[in-house]
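To start, the structure itself, in structure tokens.
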Amino acid sequence: MNIQELGNLLDRHGSDLNQWPDQQLRQQVQSYIAESAEAHELFSQVQYIDRLVPKALFVPQPTNVEAKVLNQISTVRQPNYNWYRHVSNWVLKPILAMIPLVIGFILGSGPNQDVLLVEEELTTERFEDPVNYLAMSDD
Amino acid sequence: MLRVQKGDEIAFEQLMNRHTNAVHSYIFRMCQNVQIAEELVQETFLRVWAKSKLWIPNKAKFSTWMYQIARNLCIDHYKKQRAQFVDDVDFDRIADDSLRRDEILILTLQKAIQTLPERQKTAFVLCQVEGWSQAEVAELLDSSVDAVESLLSRARRKLREILGSTQQHQ
């Protein structure tokens, strides 16, 4: 193990070795910390930060929040969402699912003007225009 | 909660008594502002009351659902008022005020935690401080345990780097 790996492990699992999921890994880390001064210093630093975190995130007591909420709930309606769920599940969702199909059907079944024009032109040239027809003949 | 869904105010009061402190801790730790935290806690419970019928018992734990509401409110607040980290803490001024080393580091740590991206901060606050399991946080974040572990890892590394540079500065 090296100092980089120890740093990664401490970032991943924190400095409380008892909480680490892998016991074997914990033992390796403990022996590395015992052997290496650098590792010991890093471990101490992470432990120190972990001890400071609860102080840095100290929470003051909320003042009377519950009473304030209870005063307001009489004015807040509890809408009945059952109808919304039914409409959503049985009407809106199937309609939304159908939209791409309908669009695809409309696009697919409509006449394609470009293809028709080309077909018309070829047909006219080959079989309906007598001048072109004569020009195509060997005589 | 089933009674709350039927509009039972006494049940709602009991539910608040049980959860207010925990929700307040989470929100305060996310926004670090007493007044805003109280407003967001109030708003969380008002939404719990108003939307109680949207909670489906078999789909999610009540606490997860409630924390999702709280978290969404924090995110909205976070977007409106992006937490600003004073990148260079005025160490000379702090030194003049003769604060102890711990106090400087606590101040720096507070500010550093505020700079974490929202998901990292949620994972860090709930796992490291509030004692949630990684699986519980994964459920709240709609993510995997591995992803939560990765969020925690990045959060701890960033805090370690910031604190390390502060210690060197001292």
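The values are calculated or read from the model by the stated rules, or taken from the named source; none is laboratory data. Predicted model only: the values in this text are computed from it and were never measured. When we count neighbours, we look across all protein chains shown, and the Cβ atoms used for this are built from the backbone with ideal geometry, even at glycine. Only protein heavy atoms, including side chains, enter the accessible area calculation; ligands, DNA and RNA are left aside. Shrake-Rupley method; radii C 1.70, N 1.55, O 1.52, S 1.80 Å.
Using a cut-off of 29 Å between Cα atoms, the listed pairs B:Lys59/B:Lys80; B:Lys51/B:Lys111; B:Lys51/B:Lys79; A:Lys93/B:Lys53; B:Lys59/B:Lys121; B:Lys61/B:Lys111 include B:Lys59/B:Lys80; B:Lys51/B:Lys111; B:Lys61/B:Lys111 as exceeding that distance. Under 12 Å from a point 7 Å along the Cα-to-Cβ line of B:Asp102: which residues of segment A:10-46 have their amide N that close? Output list for this probe position: empty. Charge dipole of chain B (Cα centre as origin; +1 on each Lys and Arg Cβ, -1 on each Asp and Glu Cβ, all else neutral): 600 debye, rounded to the nearest 20.
In the distance distribution for chain B, Cα-Cα pairs more than 23 Å apart total 47 percent. Helix B:145-169 against the longest principal axis of chain B: what's the angle in degrees, Cα atoms only, rounded to the nearest 10? Value to nearest ten degrees: 30. Computed from protein heavy atoms with a 1.4 Å probe, the total accessible area buried between B and A is close to 4100 Å².
Spacing of the modelled spin labels on A:Leu25 and A:Thr75, each 7 Å from Cα toward Cβ, amounts to 5.3 nm.
These residues, B:Ser165, B:Ser25, go from largest to smallest accessible area, 1.4 Å probe, as B:Ser165, B:Ser25. Across segment A:3-57, C-alpha contacts under 8 Å between residues 6 or more apart give a mean separation that, scaled by the residue count, equals a relative contact order of 41 percent. The gain in end-to-end length when the B:Ile56 to B:Met1 segment is fully stretched comes to 18.8 nm, 0.36 nm per residue minus the alpha carbon separation. The charge dipole of segment A:3-57, taken about its Cα centre with unit charges on the Cβ of Lys, Arg, Asp and Glu (plus for the first two, minus for the last two), comes to roughly 240 debye. FRET efficiency for the pair A:Lys93 and B:Asn21, taken as 1/(1 + (r/R0)^6) with r the Cβ-Cβ distance and R0 = 51 Å, rounds to 0.80.
Against the criterion of solvent-accessible heavy-atom surface with a 1.4 angstrom probe, B:His24, A:His13, A:His86 sort, most first, into A:His86, A:His13, B:His24.
Using a probe of 1.4 Å on the protein chains alone, the accessible area found for B:Glu43 is around 70 Å².
Here the label points at A:Asn64 and B:Glu9, each 7 Å from Cα along the C-beta direction, are separated by 1.8 nm in the simple model. Could you tell me the center-to-center distance, by alpha carbons, between segment A:16-52 and segment B:11-27 in angstrom? That distance is 36 Å. Within the listed set B:Ile36, B:Ile106, B:Ile69, the Gaussian network model of chain B (springs between alpha-carbon atoms below 10 Å) gives the highest mean-square fluctuation for B:Ile106.
Taking the inverse of the mean reciprocal distance over all distinct Cα pairs, the Kirkwood hydrodynamic radius of segment A:3-57 comes to 11.5 Å.
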